[in-house]
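The values are calculated or read from the model by the stated rules, or taken from the named source; none is laboratory data. All of these numbers come straight from a predicted model, not from anything done at the bench. As a convention, Cβ positions derive from the backbone with ideal geometry for all residues, glycine included, and neighbour counts pool all protein chains shown.
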Amino acid sequence: MKAEIRKRILKERDTLPLNEISAMSKVIGEKLFSLNSYKGAKAVMFYASFKSEVSTMDMILHALDDGKRVLVPVVNQGGIIAAEIRAVKELSRKNKFGILEPAEIRKVPREDIDIVVVPCAAFDRLHHRLGYGYRYYDNFLLGMRAKKIGLAFSLQEADGIPAQEWDVKLDAIVTEKGIF
């Protein structure tokens, strides 16, 4: 069931023109920045967007300009760790999935993170999310105090996502149409 939902929604998301992805990502970023939890956050972990995901590069730049401590995930032995970046140009190498990561790893403890911005393949109104099926984020987010905020386009909403006990619910999901 999860695989079917993921495949259907990603196929639809992949048809979005780049200019629409860019425009909707800008709106999503503005909504993210309006959240009180974001305004009060000192350390924010963004994913480095790729393909048809909500683009985070301008959000990362905004957060850096805003004086936030910016972190990105680095794939490490079947999981992810949080690594600090001080400039977008530090995202200079691609991991095994083709996602940008910093060449220099400045690891940050999970307890230092205030917000984790999470990519979504699909989501529902109960704050369940589907990722790409590797469980990297579920394993990373388990037991974290940080706010977990998913970014997605409204077309990625599903009527219901079946959840297992290891699936970590998000605190909020931000789309171009609203915050859920």
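Out of the residues in region 107-148 meeting the condition of being of a type in the set (Gly, Ala, Ser) and modelled with pLDDT of 95 or more, tell me which one is nearest to Gly178 (Cα to Cα). Steps first, please.
In the first step, residues of region 107-148 are kept if they are of a type in the set (Gly, Ala, Ser); the result is 121-122, 131, 133, 143, 146.
With modelled with pLDDT of 95 or more added as a condition, the list becomes 121-122, 146.
Numbers: Ala121: 17, Ala122: 15, Ala146: 21 Å.
Selected residue: Ala122.
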### Task
Residue by residue through region 127-151, note down the ones that are part of a loop (DSSP other than H, G, I, E, B), closer than 20 Å to Ile28 by Cβ and out of contact with any helix residue (DSSP H, G or I) (no Cβ under 8 Å at 6 or more places or on another chain).
His127, His128
### Query
Do we have any residue at all in region 110-123 that's of a type in the set (Phe, Trp, Tyr) and more than 20 Å from Thr56 (Cβ to Cβ)?
no
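What strands (runs of 3 or more DSSP E) completely inside region 22-116 contain at least 2 residues that are surrounded by 16 or more Cβ atoms within 10 Å (Cβ to Cβ)?
On the way: elements: 43-45, 69-76, 79-85, 91-94, 100-102.
Filter on region 22-116 gives 43-45, 69-76, 79-85, 100-102.
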### Query
How many residues does region 36-60 contain that are farther than 17 Å from Met144 by Cβ and more than 15 Å from the chain's Cα centre (by Cα)?
2
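Within region 138-164, which residues are touching a Ser or Thr at 6+ places or on another chain (Cβ under 8 Å) and surrounded by 15 or more Cβ atoms within 10 Å (Cβ to Cβ)?
To start, the set of residues in region 138-164 that are touching a Ser or Thr at 6+ places or on another chain (Cβ under 8 Å) comprises 147, 149, 151-154, 156-157.
If the condition is that a residue be touching a Ser or Thr at 6+ places or on another chain (Cβ under 8 Å) and surrounded by 15 or more Cβ atoms within 10 Å (Cβ to Cβ), then Lys147, Ile149, Leu151, Ala152, Phe153, Gln156, Glu157 are the ones that fit.
Among the residues of region 1-20, write down those that are in a helix (DSSP H, G or I) and in contact (Cβ under 8 Å) with a residue 40 or more places away in the chain. Quick ask: steps written out before the conclusion?
Within region 1-20, the subset in a helix (DSSP H, G or I) is 2-13, 18-20.
Correct list: Lys2, Ala3, Ile5, Arg6, Ile9, Leu10, Glu12, Arg13.
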### Summary
All conditions in (1) among the hydrophobic types (A, V, I, L, M, F, W, C); (2) within 28 Å of Asn36 (Cβ to Cβ); (3) in contact with a strand residue (DSSP E or B) (Cβ under 9 Å, 6 or more places away or on another chain) are true of Leu126 except (3)
